[in-house]
Structure formats: structure tokens, C-alpha cells
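Structure first, then comments.
The values are calculated or read from the model by the stated rules, or taken from the named source; none is laboratory data. Keep in mind that what you see is a predicted model, and the values were worked out from it rather than measured. Backbone-built Cβ (ideal geometry, glycine too); neighbour counts: all protein chains shown.
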Amino acid sequence: MPQPSIKLPVITERNKAVMIGLAYLLFCLLYLGAPQLALRSPTPVPMLALDELIPHMPLAIWVYLSQFGLLFCAIWFAPDSISRSSALYSMLLASFIAALIFVGFPTILERPPIRSDGLTAVLWQGLYLADVSGNCFPSLHAALAALAVFPLYRRAGRWRLIAPLWAGVIILAALATKQHVVLDILAGLIIAVPSRMLAVRYFEGREYEPA
């Protein structure tokens, strides 16, 4: 296939640590910067009947925040450079698409009070301190968790079971912690599709160093 005119660096075994760090910085810029550029005041996300049936489970914060581990594993343990590159750039593309939506159509979800103690309460306090309340729709938690499955699934072995289960419980935790509603999750999964397709199309047939 024709080589793309824009050359993105391939993420190899040698540069993956640096690229993970740079990608995280770019993600933070997009995620935290979007509310500062919002074109209007945030509006509440519509809730479905299903949302009312999902109980608030404070302990689910542990699973919710395990997203960081899943994303790291997806890049670090990817079976080759193309899988690794497709995964990371698809995540960045999904983050960029979501940031555009956060700017144009900001939404907000009422945060539940902290009803925990010990380390669980510390996690909730840290989340509320570091996160923003307006980036609800679409759910990047859902989008990035789904995208993380692909490189790990390609590793075969136990990852073919662990990766989708881990991503699935993270998405459920996003609902159980009341950080997202069902419409957020669906929208996040939707933006993951073109992000994955475009990243795979870009790197397909590229010349690269083996992982």
C-alpha cells in the first residue's frame, strides 16, 4: 500500500518507555486542557433507566483506576512494534476525538460523596483532586480500555482471557463508581472503532524494526 506522507515514529522495544511517557503527557494536555477551551457551559449527561439500576459501589474505584495498569501493559507487552504503535496511536487519536467533543459539547455528571475510609477514601480524594468533572461524554475510560485489548490479545496465551476481562470490568467499574453513565460508555466504544481502524491502516505494511 502507498506509504503515508506523515511519518509517525514507530514504537519499538528500545523507545517504548520514552514514547509511553510522551503519550501520557499529550493525553494530559488534551484531557485537562479541553475544559479550559469549552465553547459553552457543561450540561448534565442524560441518564437511562439502566443507570438507575446500577448501584454506587465505592470499592469499584480500585478496578476503575487499574486502567492505568491495563494501558501500560498494552503498550509494554505488545507482541511487536506494529501492534504497539497501532495501540498507542489509536489511544491518542481517541483522546483527540474526545477532546474535540469535550470542547464543543461539554457535559458534567454529579459526583457522588465519598463514603469510604482508609485507602479507598484516599483513592477517591485523589481522583476528585486530579480529575475534571466535565469530561464525561464520551467515556475515554471505555474507549482506551477497549483499545488496550487488541495488542494484548495478539500476544495469545493467558492475555487472550485476561485482556478482555480486565477491560470489561474496568468499563463496568466506570458505571459502578458513577463516573460515567451508559451513554458515555457507548459513545466511548464508538470513537474507539475509527481510532483503531485508522491506526491499523496507517501502520499496515510499514517497514519497521522487530520488537
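How about the stretch 135-183: which of its residues are touching a Leu at 6+ places or on another chain (Cβ under 9 Å) and of a type in the set (Lys, Arg)?
Scanning the stretch 135-183 gives 160, 178.
For residue 38, are the conditions met, namely being touching a residue at least 24 places away in the same chain (Cβ under 8 Å), small (Gly, Ala, Ser) and touching a Pro at 6+ places or on another chain (Cβ under 9 Å)?
It is true that residue 38 is touching a residue at least 24 places away in the same chain (Cβ under 8 Å), small (Gly, Ala, Ser) and touching a Pro at 6+ places or on another chain (Cβ under 9 Å).
Which of the following residues is within 16 Å of residue 71 (Cβ to Cβ) and loosely packed, with under 15 Cβ neighbours inside 10 Å: 26, 30, 39, 53?
Unique residue meeting the criteria: 26.
So, in the stretch 57-73, how many residues would count as being under 16 Å from the mean Cα position of the chain (by Cα) and among the small types (Gly, Ala, Ser)?
2
To keep it simple, each residue is scored yes or no on (1) hydrophobic (A, V, I, L, M, F, W, C); (2) in a loop (DSSP other than H, G, I, E, B); (3) farther than 19 Å from residue 110 by Cα; (4) in contact with a His (Cβ under 7 Å, 6 or more places away or on another chain).
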{"position": "9", "(1), (2), (3), (4)": "no, yes, yes, no"}
{"position": "14", "(1), (2), (3), (4)": "no, yes, yes, no"}
{"position": "19", "(1), (2), (3), (4)": "yes, no, yes, no"}
{"position": "31", "(1), (2), (3), (4)": "no, no, no, no"}
{"position": "35", "(1), (2), (3), (4)": "no, no, no, no"}
{"position": "41", "(1), (2), (3), (4)": "no, yes, no, no"}
{"position": "46", "(1), (2), (3), (4)": "no, yes, no, no"}
{"position": "52", "(1), (2), (3), (4)": "no, no, no, no"}
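Of all helices (runs of 4 or more DSSP H) completely enclosed by the stretch 100-211, which ones contain at least 1 residues that are modelled with pLDDT of 95 or more and within 14 Å of the chain's Cα centre (by Cα)?
140-154, 159-176, 182-203
Would you pick out the residues in the stretch 101-139 that are surrounded by fewer than 12 Cβ atoms within 10 Å (Cβ to Cβ) and in contact (Cβ under 8 Å) with a residue 24 or more places away in the chain?
Matches in the stretch 101-139: 110, 115.
From 199, 142, grab the single residue that is farther than 25 Å from residue 48 by Cβ, buried (at least 22 other Cβ atoms within 10 Å of the Cβ) and in contact (Cβ under 8 Å) with a residue 24 or more places away in the chain.
When all the criteria are applied, what remains is 199.
Identify all residues within the stretch 74-96 that are surrounded by 16 or more Cβ atoms within 10 Å (Cβ to Cβ), over 12 Å from the mean Cα position of the chain (by Cα), assigned to a helix (DSSP H, G or I) and of a type outside the set (Ser, Thr, Tyr); write none if there are none.
Matches in the stretch 74-96: 75, 82, 84.
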